[in-house]
Amino acid sequence: MKKQIIASQGAPKAIGTYSQAVKAGNTVYLSGQIPLDPMSGEMVAGEIRTQITRVFDNLAAVAKAAGGNLQDVVKLNVFLTDLKYFPQVNEIMAQYFKEPYPARAAVGVAALPRSAQVEMDAIMVLGEPRLKKTAKMKTGKKAKRSRR
(Lines give C-alpha, C1' and ligand atoms only; values in the text may rest on other atoms or scores of the structure.)
Protein backbone atom coordinates (compact mmCIF):
# COMPACT_ATOMS: atom_id res chain seq x y z
CA MET A 1 0.00 0.00 0.00
CA LYS A 2 1.29 3.44 -0.90
CA LYS A 3 1.73 5.93 1.91
CA GLN A 4 1.27 9.68 1.69
CA ILE A 5 3.03 12.17 3.95
CA ILE A 6 0.76 14.84 5.45
CA ALA A 7 2.02 18.26 6.52
CA SER A 8 0.21 21.33 7.81
CA GLN A 9 1.47 24.86 8.36
CA GLY A 10 -1.23 25.11 11.06
CA ALA A 11 0.75 22.74 13.27
CA PRO A 12 4.38 22.82 14.38
CA LYS A 13 6.95 21.45 11.96
CA ALA A 14 8.34 18.05 12.89
CA ILE A 15 11.25 18.49 15.29
CA GLY A 16 12.85 15.17 14.46
CA THR A 17 12.96 12.34 11.99
CA TYR A 18 9.21 11.91 11.58
CA SER A 19 6.24 13.30 9.66
CA GLN A 20 3.27 15.18 11.12
CA ALA A 21 1.09 12.37 9.76
CA VAL A 22 1.17 9.46 7.35
CA LYS A 23 -1.84 8.36 5.32
CA ALA A 24 -2.09 4.71 4.25
CA GLY A 25 -5.30 3.87 2.40
CA ASN A 26 -8.04 5.71 4.28
CA THR A 27 -6.21 5.54 7.62
CA VAL A 28 -4.15 8.47 8.86
CA TYR A 29 -1.60 8.12 11.66
CA LEU A 30 -1.06 11.47 13.38
CA SER A 31 2.25 11.89 15.17
CA GLY A 32 2.42 13.10 18.73
CA GLN A 33 1.74 16.78 19.24
CA ILE A 34 2.99 18.78 22.18
CA PRO A 35 1.87 22.34 23.02
CA LEU A 36 4.11 24.11 20.50
CA ASP A 37 2.90 27.26 18.82
CA PRO A 38 3.06 26.56 15.06
CA MET A 39 4.17 30.12 14.23
CA SER A 40 7.00 30.52 16.72
CA GLY A 41 7.90 26.87 17.30
CA GLU A 42 7.99 27.64 21.03
CA MET A 43 6.04 26.05 23.86
CA VAL A 44 2.86 27.96 24.73
CA ALA A 45 2.94 29.76 28.03
CA GLY A 46 0.27 29.34 30.63
CA GLU A 47 -1.59 26.77 32.62
CA ILE A 48 -2.26 23.17 31.62
CA ARG A 49 -5.62 24.07 30.01
CA THR A 50 -3.80 26.34 27.55
CA GLN A 51 -1.36 23.55 26.76
CA ILE A 52 -4.07 20.93 26.26
CA THR A 53 -6.02 23.29 24.00
CA ARG A 54 -2.90 23.94 21.88
CA VAL A 55 -2.33 20.20 21.48
CA PHE A 56 -5.92 19.67 20.27
CA ASP A 57 -5.57 22.65 17.90
CA ASN A 58 -2.35 21.16 16.49
CA LEU A 59 -3.98 17.75 15.99
CA ALA A 60 -6.99 19.42 14.33
CA ALA A 61 -4.72 21.26 11.88
CA VAL A 62 -2.99 18.05 10.84
CA ALA A 63 -6.33 16.22 10.57
CA LYS A 64 -7.60 19.00 8.28
CA ALA A 65 -4.49 18.80 6.10
CA ALA A 66 -5.19 15.08 5.70
CA GLY A 67 -8.74 15.77 4.53
CA GLY A 68 -10.55 15.05 7.78
CA ASN A 69 -11.28 16.47 11.20
CA LEU A 70 -11.09 15.35 14.80
CA GLN A 71 -14.48 13.66 14.49
CA ASP A 72 -12.74 11.15 12.18
CA VAL A 73 -10.35 10.10 14.97
CA VAL A 74 -10.92 6.51 16.06
CA LYS A 75 -8.08 6.26 18.62
CA LEU A 76 -6.50 8.97 20.77
CA ASN A 77 -3.49 8.48 23.02
CA VAL A 78 -2.88 11.02 25.78
CA PHE A 79 0.46 11.25 27.59
CA LEU A 80 0.65 13.34 30.76
CA THR A 81 3.57 14.03 33.07
CA ASP A 82 1.02 14.19 35.90
CA LEU A 83 -2.27 12.29 35.75
CA LYS A 84 -3.89 14.90 38.00
CA TYR A 85 -4.44 16.84 34.73
CA PHE A 86 -6.71 14.13 33.33
CA PRO A 87 -9.96 15.92 34.35
CA GLN A 88 -8.84 18.96 32.33
CA VAL A 89 -8.16 16.72 29.33
CA ASN A 90 -11.72 15.35 29.58
CA GLU A 91 -13.21 18.82 29.94
CA ILE A 92 -11.36 20.29 26.96
CA MET A 93 -11.75 17.14 24.85
CA ALA A 94 -15.54 17.58 25.10
CA GLN A 95 -15.12 20.89 23.23
CA TYR A 96 -13.38 19.16 20.30
CA PHE A 97 -15.21 15.81 20.04
CA LYS A 98 -18.84 14.75 19.85
CA GLU A 99 -20.31 11.31 20.41
CA PRO A 100 -19.39 8.74 19.38
CA TYR A 101 -16.07 9.44 21.04
CA PRO A 102 -12.86 7.77 19.89
CA ALA A 103 -11.20 4.98 21.81
CA ARG A 104 -8.62 6.49 24.13
CA ALA A 105 -5.71 5.70 26.39
CA ALA A 106 -4.17 7.98 29.00
CA VAL A 107 -0.66 7.26 30.22
CA GLY A 108 1.38 8.91 32.93
CA VAL A 109 4.97 9.43 31.80
CA ALA A 110 8.14 10.69 33.49
CA ALA A 111 9.00 13.25 30.82
CA LEU A 112 8.01 14.52 27.37
CA PRO A 113 9.94 16.37 24.64
CA ARG A 114 10.80 20.00 25.41
CA SER A 115 9.55 19.52 28.98
CA ALA A 116 5.93 19.47 27.79
CA GLN A 117 3.31 18.36 30.30
CA VAL A 118 1.01 16.83 27.66
CA GLU A 119 1.37 15.06 24.33
CA MET A 120 -1.26 13.36 22.17
CA ASP A 121 -1.24 11.27 19.03
CA ALA A 122 -4.14 9.81 17.09
CA ILE A 123 -5.35 7.43 14.42
CA MET A 124 -7.97 8.75 12.03
CA VAL A 125 -10.07 6.94 9.43
CA LEU A 126 -11.34 8.98 6.49
CA GLY A 127 -14.64 8.19 4.79
CA GLU A 128 -16.36 4.88 4.84
CA PRO A 129 -15.87 2.64 1.84
CA ARG A 130 -18.84 3.18 -0.43
CA LEU A 131 -20.99 0.20 -1.26
CA LYS A 132 -22.60 -0.12 -4.64
CA LYS A 133 -26.27 0.64 -4.39
CA THR A 134 -28.56 -2.25 -5.07
CA ALA A 135 -32.11 -2.05 -6.29
CA LYS A 136 -33.26 -2.66 -2.71
CA MET A 137 -31.25 0.30 -1.47
CA LYS A 138 -32.54 2.57 -4.20
CA THR A 139 -36.22 1.80 -3.83
CA GLY A 140 -36.43 0.53 -0.27
CA LYS A 141 -38.03 -2.65 -1.68
CA LYS A 142 -36.56 -5.94 -2.71
CA ALA A 143 -35.64 -5.99 -6.37
CA LYS A 144 -37.66 -8.44 -8.42
CA ARG A 145 -35.63 -10.95 -10.29
CA SER A 146 -36.76 -12.02 -13.69
CA ARG A 147 -36.94 -15.75 -14.22
CA ARG A 148 -35.78 -17.12 -17.48
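The values are calculated or read from the model by the stated rules, or taken from the named source; none is laboratory data. Given the structure is predicted, the values throughout are model-derived calculations rather than measurements. Cβ: placed from backbone, ideal geometry, glycine included. Neighbour counts: every protein chain shown.
Can you pull out every residue in the stretch 17-42 that is assigned to a loop (DSSP other than H, G, I, E, B) and touching a residue at least 24 places away in the same chain (Cβ under 8 Å)?
So in the stretch 17-42, the residues assigned to a loop (DSSP other than H, G, I, E, B) come out as 17-20, 25-26, 34-35, 37-42.
Answer for the stretch 17-42, where residues must be assigned to a loop (DSSP other than H, G, I, E, B) and touching a residue at least 24 places away in the same chain (Cβ under 8 Å): 20, 25, 26, 34, 35, 37, 38, 41.
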### Query
Do the conditions hold for residue 52, that is, is it farther than 25 Å from residue 2 by Cβ, in contact (Cβ under 8 Å) with a residue 12 or more places away in the chain, touching a strand residue (DSSP E or B) at 6+ places or on another chain (Cβ under 8 Å) and not in a strand (DSSP E or B)?
yes
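Quick check on the stretch 16-35. Is at least one of its residues closer than 18 Å to residue 95 by Cβ, at pLDDT below 95 and exposed (fewer than 14 other Cβ atoms within 10 Å of the Cβ)? Give the steps one after another, and end with the answer.
To start, the set of residues in the stretch 16-35 that are closer than 18 Å to residue 95 by Cβ comprises 33, 35.
Cutting the leftovers down to at pLDDT below 95 gives us none.
No, the conditions are met nowhere in the stretch 16-35.
Would you pick out the residues in the stretch 98-128 that are surrounded by 16 or more Cβ atoms within 10 Å (Cβ to Cβ) and without any contact (Cβ under 8 Å) to a residue 60 or more places away in the chain?
Looking only at the stretch 98-128, we keep the residues that are surrounded by 16 or more Cβ atoms within 10 Å (Cβ to Cβ), and these are 102, 104, 112, 116-124.
Correct list: 102, 104.
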### Query
Which number in (1) in a helix (DSSP H, G or I); (2) of a type in the set (A, V, I, L, M); (3) free of Cβ contacts under 8 Å to residues at least 24 places away in the same chain marks the one condition that residue 45 misses?
(1)
